[in-house]
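Accompanying notes for the structure given below.
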Amino acid sequence: MNDLQGVSFRPLTIPTSMDASDADEFREFTRVRNAVYREISGRDDDALQPEELLPHYQPDPEEIRHIWVVLDGDEIIGRVGLDIPLEADSHVAFWFIELLAAHHGRGIGTVAYALIEQTAREHGRTVLQSWAQHPDVPGPRLAAPTRFGSIPEDRVARFYLRNGYTLEQIERESALDLEASTPDVASLLADAEAASSGYRVVQWQVPTPAEYLDAYAWMKSRMSTDTPMGELEFDEEVWDAARVERHERRVLDGGRTMLVTAAQHAETGELVAFNELVIGADPAGPSQQQDTLVLREHRGHRLGMLVKCAGLTTWRAEIAPHSPKVITYNAEENRPMLDINETIGFVPVAYNGAWKKVLAPAEEEAE
């Protein structure tokens, strides 16, 4: 039964800075975002300050980002987002619907999802994909077709199924206690250094030095092709030095610090593996481990362990000594990377479902 009296959707007002006169709505939008994530997980690990989030909503040549606030009267109670990548020949789009728990069951999600599909069609998109956390509860479960992992068939899963989605992959969220893991990281780093002769570690805080920009851009582009994705669909991303600089400008404009640790092939000087660690303005907040990749032709030399442990060592000693933990995400079938994480000391804290729908032509849906 729908209870939509007083509920409306409208595009978010996006200020140019948090000091602008029209920034109040974005501040409340961020507060509601953080509250939704806290309700789902019981933690604040994914919380952001408005200043950190705002750069990601400024104009971007790589994508069109539609974002709506959900209002009950004048009160923001949720948000709806749709990202349209602008890679050549792209046919995918990515979306989310997030509502405060007090407003579940009113039919708001159904109306919001209709807005998402309509907008995606207007951009000529035929594949919609979305991720959601599924906290563990008793009852029936859905297994991923990758044969790695399952989630409960909860309220959120039923929403996806009802709207024609299939579960394609399970994503694991893991956490590492930075203080407790320090001795193990030191030992594992020494072992990885011994096993990776012919390679050296290079590190930098963004912005990336000019001498590494092109090589780093190439490795970033491989993230869209060389990581496990099941039957999910991703465009092959084209990264160049300018795209890296735009990406890093968003990090810096948000008051965040990023360390990149790379493995360099000593003979050729080529960068062949990398790991990223990020923290916000709060030095005692959680850190995030973002992209990690070893180029295919250089796998088998323990470079994943090398760049992760070298990064964690510098992070703990020099950059974020007061950060209590690192959060990271991996596909559940990505055993090579999960084996490294588990050996270092990462433990699972949550599981996300990755969902996909291939849109039928509009005339078929109308029949």
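The values are calculated or read from the model by the stated rules, or taken from the named source; none is laboratory data. On a predicted model such as this, the values are computed, not experimentally measured, just so you know. Positions of Cβ are generated from backbone atoms using ideal geometry, with glycine treated the same way; all protein chains shown enter the neighbour counts.
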Going by the structure shown, is Thr119 surrounded by 17 or more Cβ atoms within 10 Å (Cβ to Cβ), within 18 Å of the chain's Cα centre (by Cα), among the polar types (S, T, N, Q) and under 17 Å from Phe9 (Cα atoms)? no
Residue identified as of a type in the set (Val, Ile, Thr) and in contact with a Pro (Cβ under 6 Å, 6 or more places away or on another chain) among Ile327, Ile340: Ile327
Residue match in the range 160-180 (condition: without any contact (Cβ under 8 Å) to a residue 12 or more places away in the chain, more than 20 Å from the chain's Cα centre (by Cα) and outside the structural domain of Lys325 (by TED's automatic domain parsing)): yes
Scope the range 134-158; condition surrounded by fewer than 17 Cβ atoms within 10 Å (Cβ to Cβ) and closer than 18 Å to Ile97 by Cβ; matching residues: Pro135, Arg155, Arg158
Given the structure, is Glu318 in a loop (DSSP other than H, G, I, E, B), assigned by TED's automatic domain parsing to the domain that holds Asp253, charged (D, E, K, R) and surrounded by fewer than 18 Cβ atoms within 10 Å (Cβ to Cβ)? no
Testing Ser197 on (1) among the hydroxyl-bearing types (Ser, Thr, Tyr); (2) farther than 30 Å from Val347 by Cβ; (3) in a strand (DSSP E or B), one condition comes back false. Which one is that? (3)
Out of the residues in the range 67-88 meeting the condition of being outside any strand (DSSP E or B) and modelled with pLDDT of 95 or more, tell me which one is surrounded by the fewest Cβ atoms within 10 Å (Cβ to Cβ). Asp74
Out of all the residues in the range 209-225, is one or more over 20 Å from His298 (Cβ atoms) and either in contact with a Phe, Trp or Tyr (Cβ under 9 Å, 6 or more places away or on another chain) or in contact (Cβ under 8 Å) with a residue 60 or more places away in the chain (or both)? no
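For the range 117-126, which positions are touching a residue at least 60 places away in the same chain (Cβ under 8 Å) and over 16 Å from Phe96 (Cβ atoms)?
Arg121, Thr126, listed by residue number.
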Considering residues that are within 23 Å of Ile40 (Cβ to Cβ) and not hydrophobic (A, V, I, L, M, F, W, C), the number found within the range 87-101 is 1
Going through the range 204-262 in order, the residues found to be within 30 Å of Leu128 (Cα to Cα), modelled with pLDDT of 95 or more and small (Gly, Ala, Ser) are Ala217, Ser221, Ala241, Ala242, Gly254
Quick one: Ala114 ticks every box in (1) touching a residue at least 12 places away in the same chain (Cβ under 8 Å); (2) outside any strand (DSSP E or B) bar one, so which box is it? (1)
Enumeration of residues in the range 242-258 that are surrounded by fewer than 16 Cβ atoms within 10 Å (Cβ to Cβ) and either in contact with an Asp or Glu (Cβ under 6 Å, 6 or more places away or on another chain) or in a loop (DSSP other than H, G, I, E, B) (or both): Gly255
